[in-house]
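Student: Sharing a structure here in structure tokens format.
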Amino acid sequence: MHRVHGAAALLLLACGLTFGTAHAAGDRQTDPLDSPRWGDMRKEFFPAKARVVFDGRVKVSAPLTAENALNVPVSVDAGALPDATEILVFADFNPITRIVRFRPEGAHPGLGFRIKLQQSTPVRAAVKTRDGVWHVGGTWVNTTGGGCTLPSAGSGSPEWQKRLGEVSSRVWDRKEGGERIRLRIIHPEDTGLAAGVPAFYIQELKLTDEQGAPLLQIEGFEPLAENPVFSVDIPAARTAAGYRVSGRDNNGNAISAVIEK
Amino acid sequence: MSILSRASRSAIALFTLGWALLLAAADMDYGLQPVSIADGTWVLVGRSEDFSTANGGNIVNTGFIVTPAGVLVIDSGPSRAYGEQLKRAIARITDKPVTMVVNTHHHPDHFLGNQAFAPETLAALPGTINGIHTEGGTFNENMYRLAGDWMAGTEPVAPARQLTAGPLELGDHHLELIALDGHTGADLAIFDRSTGVLFAGDLVFNDRAPTTPHANLVAWQKALDRLESLGFKQIVPGHGPVAQDAAPIRQTRAWLGWLDGNLRQAAEDGLDMTEVLALPLPAEFRRLAVVEAEYRRSVGQLYPAYEQHALARSGRNAR
């Protein structure tokens, strides 16, 4: 599958050199990552009339080279933008481009997580602000790849079935004020692209304080890494005595846990 | 010559150089030059680099000991071509037959030359043999990706003969096989009591950052203590130059100790993996070859376990 992409990418690259800029009305910038797939990403994820701008304030951190394509760390931070309402993370050259979408509702507009990549690709975060503008940041990750078409370790072992949806977590005070929550969920996160192994992944996670006030909504897609680990920061004004996480996977299995301090 | 412009002379020079490089590549000649470091003891020191199509995977140290009873080869290199060239290099030095080829552990640059040698001469620790059986194929495919044409015809061959720790008499050399672990699940060191040469395998790196895909940092540091206690005169590390003192052991231990402490502290502080990758390397390690790349790989390989430990430490599974 990725070979087809590769060939198409080369063709597009050749075209992109001459007219790589004017993809949609209102977008006047060229892609700082110079990806031949940007035009397709623009069409796939954003309405034609939406204003989409490349914005250095959207920070995407990932290693330039990732040897382990099954577990590539990525952090997104949109804290420099006012009023981030929704953040979509995607990878231009992944067979499944969408990685995760999250909506900060009190949590800091950022998220740390890990992903599977099939080949070298830009990894981007598009941040929608209250005025409706999408701000896009990103970085290239080079990898020998193959991360999307391998079955999870979990799919080959009965162990995970007993522990499916198990959450471990911890809360830290941050020097800057506020708190950091890290949580790990036992889940195979199979993409459905490995032969004979159906897609099986976490679709929905909701983080609230112990009173139920919302902090963060996460919509997950297939490329999140097996047994996903998330890092979330809570501003000082929203810290609480405890937190809760709840959600479900695409098979309807529930995830529900108390995050104690 | 005077009728040629400077430009055309440059063009000719470039053309000639290009052909020379092309011919060298077509030969796939590693240019192996064994260096004698003690009585009957020869080493071939590889480059302190990552695997590449330029070095053909020759980033590893191999060696051999010539005795009246035959030749012992220590590690067979990263490819069939390397193994064959090593065999020819040995034949240029001695007419004694190769009676044993040991693989110090199951990483690809240490055993993928096995094909060049008679199957009955191949030997390794049981854990190494098992590792070659289970992971050899994947390693081999990966080496084709990283080293390209140099790998032509290379296939993983696992030794059949299982080694156990203890003395090994070979002609007039009194050897000690030392079974350790930490770099992988089975690491063999070979101490030649007759010459004082210690072949440490990848338990010891010298001026090159250690690799950790199968590492247990605690066990590895213990193994280094054992090696340091041996009273050797020379040490042949798995990667990097031969040394006459324990400095490479101390350097490897210092790196592993720092790595372990750094990752543990990072996990205890709640750092995300991308934040761990951004931590600065201490000045004392910055001169190690490929240190940035190895740190990045080590974080990817090792940090998840430290994280799990730190998260589990909350002791209250949130369910």
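Student: If I filter the range B:76-83 for residues that are in a strand (DSSP E or B), surrounded by 24 or more Cβ atoms within 10 Å (Cβ to Cβ) and not acidic (Asp, Glu), do I get at least one hit?
Tutor: Looking through the range B:76-83, none of the residues is in a strand (DSSP E or B), surrounded by 24 or more Cβ atoms within 10 Å (Cβ to Cβ) and not acidic (Asp, Glu).
Student: For residue A:184, all conditions in the list (1) touching a helix residue (DSSP H, G or I) at 6+ places or on another chain (Cβ under 7 Å); (2) without any contact (Cβ under 8 Å) to a residue 12 or more places away in the chain; (3) of a type in the set (Lys, Arg) hold save one; what is the number of the exception?
Tutor: If we test residue A:184 against (1) touching a helix residue (DSSP H, G or I) at 6+ places or on another chain (Cβ under 7 Å); (2) without any contact (Cβ under 8 Å) to a residue 12 or more places away in the chain; (3) of a type in the set (Lys, Arg), just (2) comes out false.
Student: Is it true that some residue in the range A:228-241 is closer than 25 Å to residue A:70 by Cβ and not in a strand (DSSP E or B)?
Tutor: Yes, the range A:228-241 contains a residue that is closer than 25 Å to residue A:70 by Cβ and not in a strand (DSSP E or B).
Student: Also, quick follow-up: Suppose we keep only residues that are under 25 Å from residue B:274 (Cβ atoms) and within 10 Å of chain B (Cβ to nearest Cβ) within the range A:234-261. Which one would you say is surrounded by the fewest Cβ atoms within 10 Å (Cβ to Cβ)?
Tutor: Checking each candidate, the answer is A:261.
Student: What single numbered condition from (1) of a type in the set (Ser, Thr, Tyr); (2) surrounded by 16 or more Cβ atoms within 10 Å (Cβ to Cβ); (3) within 11 Å of chain B (Cβ to nearest Cβ) fails to hold for residue A:208?
Tutor: In the conditions (1) of a type in the set (Ser, Thr, Tyr); (2) surrounded by 16 or more Cβ atoms within 10 Å (Cβ to Cβ); (3) within 11 Å of chain B (Cβ to nearest Cβ), residue A:208 misses (3) alone.
Student: Okay, moving on. Assess whether residue B:231 counts as being surrounded by 17 or more Cβ atoms within 10 Å (Cβ to Cβ) and among the small types (Gly, Ala, Ser).
Tutor: In short, no.
Student: Identify, by number, the condition in (1) within 13 Å of chain B (Cβ to nearest Cβ); (2) crowded, with 18+ Cβ neighbours inside 10 Å; (3) among the charged types (D, E, K, R); (4) closer than 17 Å to residue A:255 by Cα that residue A:114 doesn't meet.
Tutor: Residue A:114 satisfies every listed condition except (4).
Student: Quick check on my filter: what residues within the range B:126-162 are assigned to a loop (DSSP other than H, G, I, E, B) and within 29 Å of residue B:55 (Cβ to Cβ)?
Tutor: Those that are assigned to a loop (DSSP other than H, G, I, E, B) and within 29 Å of residue B:55 (Cβ to Cβ): B:152, B:153, B:154, B:155, B:156, B:157, B:158, B:159.
Student: Looking only at the range B:265-280, count how many residues are surrounded by fewer than 16 Cβ atoms within 10 Å (Cβ to Cβ) and either modelled with pLDDT under 95 or more than 10 Å from chain A (Cβ to nearest Cβ) (or both).
Tutor: Qualifying residue count for the region: 3.
Student: I'd like the full set of residues that are within 27 Å of residue B:111 (Cβ to Cβ) and either within 14 Å of another protein chain (Cβ to nearest Cβ) or in a helix (DSSP H, G or I) (or both), limited to the range B:226-264.
Tutor: B:226, B:227, B:228, B:248, B:249, B:251, B:252, B:253, B:255, B:256, B:259
Student: Scan the range A:111-163 for residues that are more than 19 Å from residue A:202 (Cα to Cα) and assigned to a loop (DSSP other than H, G, I, E, B) and jot them down.
Tutor: Result: A:118, A:119, A:120, A:130, A:131, A:132, A:133, A:143, A:144, A:145, A:146.
Student: Just to be sure I understand the filter: pairs with C-beta atoms under 9 Å, separated by 6 or more residues or on different chains, first member in the range B:141-153 and farther than 11 Å from residue A:144 by Cβ and more than 10 Å from every other protein chain (Cβ to nearest Cβ), second member of a type in the set (D, E, K, R) and surrounded by 14 or more Cβ atoms within 10 Å (Cβ to Cβ). Which pairs pass?
Tutor: If the second residue must be of a type in the set (D, E, K, R) and surrounded by 14 or more Cβ atoms within 10 Å (Cβ to Cβ), the pairs left are B:143/B:109; B:151/B:80; B:152/B:80; B:153/B:80.
Student: Now, a different point. Across the range B:138-189, what is the total count of residues that are of a type in the set (Gly, Ala, Ser), closer than 30 Å to residue B:302 by Cα and in contact with a Leu (Cβ under 7 Å, 6 or more places away or on another chain)?
Tutor: Of the residues in that region, 5 qualify.
Student: Report yes if some residue within the range A:77-95 is surrounded by fewer than 24 Cβ atoms within 10 Å (Cβ to Cβ), at pLDDT below 95 and at positive phi; otherwise report no.
Tutor: yes
Student: Now a separate question. Only one of (1) in a strand (DSSP E or B); (2) of a type in the set (S, T, N, Q); (3) under 16 Å from the mean Cα position of the chain (by Cα); (4) buried (at least 20 other Cβ atoms within 10 Å of the Cβ) is not met by residue A:203, so which one is it?
Tutor: Result: residue A:203 fails condition (4) only.
Student: Let me ask something additional. Of the numbered conditions (1) surrounded by fewer than 21 Cβ atoms within 10 Å (Cβ to Cβ); (2) within 14 Å of chain B (Cβ to nearest Cβ); (3) within 13 Å of the chain's Cα centre (by Cα), residue A:68 fails exactly one; give the number of that condition.
Tutor: Residue A:68 satisfies all of (1) surrounded by fewer than 21 Cβ atoms within 10 Å (Cβ to Cβ); (2) within 14 Å of chain B (Cβ to nearest Cβ); (3) within 13 Å of the chain's Cα centre (by Cα) except (3).
The values are calculated or read from the model by the stated rules, or taken from the named source; none is laboratory data. It should be emphasised that the depicted structure is a prediction, and the values quoted were computed from it without experimental measurement. Methodologically, a virtual Cβ is constructed for each residue, glycine included, from the backbone with ideal geometry; neighbour enumeration extends over all protein chains shown.
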